[in-house]
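Here the structure comes first, spelled out in structure tokens, and everything after it is commentary.
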Amino acid sequence: MIKKILTAVLTISVLGIGLIAFYSMYVRRIKLSDVNPPIEKTREAQALSAFFGLDALPAQSLLLYWRGPGKNGMPLVLSQEVDPSTLDNTDFEVTTQNGVTFSVEFVTLKPANEEFELRTILFIGEYGAYPDNPPVRVTIVGDLMSRSGQNYKGQSLPVIPLPDGPTISYAEHFIIDDDYPYVKSGAGCDCPKEETEQVVRTVWAGGVRAANGKELGDNELNSFQITLVRGKDTTQVHPFKLADLGDGDNNIDLCLKEKGTPVLVEAEAGIAIDPRNDLNPKTKKEVVSRW
């Protein structure tokens, strides 16, 4: 009997260690691009938005953090990808309406953890309660470095309130060339390579779905408008397809057939919801070049 008990305990211990190792690898798995865009060295690395997206994360947040369910979720969007080796939960503080300062319990780059996506940091923890004492400000207090070598330390920005809908925080354009880490199919797949002249990537303040709760798709194509510059002329176009879907992150790619330099992207109000089902207001953002 004692031998059976010891065997059972040992088996459970081994399984537990294996699950912890698997969980750690899953949570921390990120994909760095081979090259960081050189143009980033000429641009200031800025914190763009902090969004009180959820006051109670759902059960599936267990895949991000073992204590995640029921905690607050707050994405922070930056203008440049971070150097993951410098990211730590002690890099941040959250201040509430009543002046209480919270340390950040847990941070992750997931689910926006693919190549060229490492600009959204998800905070998980307890950071005040809406409406009595919600979080109102995020401050970067540690040495959080961008991949271009700039330090985000000292930057502070207001928190988008819980009832507000999602907005576009960042947008860039790029082409799918031979060096691009192309994903043909599955969750998070890219625009159709042969049909796409260029891509405008929109990074929202938080994860988004269509207003009906499904993935954004063909029904929303005409609700996105991109201003293109062609020489001395400007024109407005719509994407022919949306991509980078189904992976639960805050990146939505707009696939364009037209040539020109994208300078502005706009989305109509009421086409997208955040995880709390808040509808987006009309939102627009200047588009920068990745390269």
Fill in: Coil-residue trypsin sites (Lys or Arg not before Pro) of region 156-263, DSSP, other Cβ within 10 Å capped at 16
Lys184, Lys193, Lys214, Lys232, Lys257, Lys259
Discussion item. Could you tell me the relative contact order of the chain? Use alpha-carbon pairs under 8 Å, at least six residues apart, and round to a whole percent.
Written reply: 17 percent
Practice prompt. Would you look at the GNM of the chain, springs on alpha carbons closer than 10 Å, and say which of Pro166, Pro275, Pro58 moves the most?
Written response: Pro58
Practice prompt. Evaluate the charge dipole of region 80-214 about its Cα centre and quote only its size in Debye, nearest 20, assuming +1 on the Cβ of each Lys and Arg and -1 on the Cβ of each Asp and Glu.
Written response: 440 debye
Worksheet item: How big is the chain by the Kirkwood estimate over distinct Cα pairs, in Å?
Response: 20.2 Å
Item to complete: Output the relative contact order of region 105-219, whole-number percent, from Cα pairs under 8 angstrom with separation of 6+ residues.
Response: 17 percent
Fill in: Nearest-0.05 FRET efficiency for Ser85 and Asp218, computed from C-beta distance (R0 35 Å)
0.30
Worksheet entry | Cys residues of the chain counted as unpaired, since no other Cys beta-carbon is under 4.7 Å | Cys189
Worksheet entry | Over the chain: helical MRE at 222 nm, DSSP H runs n ≥ 4 each giving -39500 (n - 2.57), nearest 500 | -3500 deg cm²/dmol
Worksheet item: Top to bottom by accessible area (1.4 Å), largest first, where do Trp291, Trp204, Trp66 land?
Response: Trp66, Trp291, Trp204
Response to the item:
With a 1.4 angstrom probe the carbon and sulfur portion of accessible area for the chain, in percent, totals 55 percent
Discussion item. Just want the answer: with Cβ charges of +1 for Lys and Arg and -1 for Asp and Glu, which residue in Pro37, Ser146, Thr108 is farthest toward the dipole's positive end in the chain?
Written reply: Thr108
Worksheet, complete the sentence: The simple spin-label model distance between Leu279 and Asp177, using points 7 Å out along Cα→Cβ, in nm, is 4.2 nm
Worksheet, complete the sentence: Computed Rg/Rh for region 56-186 (Cα atoms; Rh = Kirkwood radius) stands at 0.99
Worksheet item: If you roll a 1.4 Å probe over the heavy atoms of the protein chains, what accessible area per residue do you get for the chain, in Å²?
Response: 49 Å²
Worksheet item: How large is the charge dipole for region 15-169, taken about the Cα centre, if only the Cβ atoms of Lys, Arg (+1) and Asp, Glu (-1) carry charge, to the nearest 20 debye?
Response: 180 debye
Worksheet item: How large is the charge dipole for the chain, taken about the Cα centre, if only the Cβ atoms of Lys, Arg (+1) and Asp, Glu (-1) carry charge, to the nearest 20 debye?
Response: 620 debye
Worksheet item: Could you give the length gained on full extension between Thr234 and Trp66, defined as 0.36 nm per residue of separation minus the Cα-Cα distance, in nm?
Response: 55.5 nm
Worksheet item: What figure in square angstrom, to the nearest 10, would you give for the accessible area of Val203 with a 1.4 Å probe?
Response: 0 Å²
Practice prompt. Please work out how much accessible surface Asp88 shows to a 1.4 Å probe, ignoring ligands, DNA and RNA, in Å² rounded to 10.
Written response: 70 Å²
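The values are calculated or read from the model by the stated rules, or taken from the named source; none is laboratory data. Not measured: the values here are computed from a predicted model. Every residue, glycine as well, gets a Cβ built from its backbone with ideal geometry; the counts of neighbours run over all protein chains shown. Areas reflect the complete protein model, heavy atoms only, side chains present, ligands, DNA and RNA absent. Shrake-Rupley method; radii C 1.70, N 1.55, O 1.52, S 1.80 Å.
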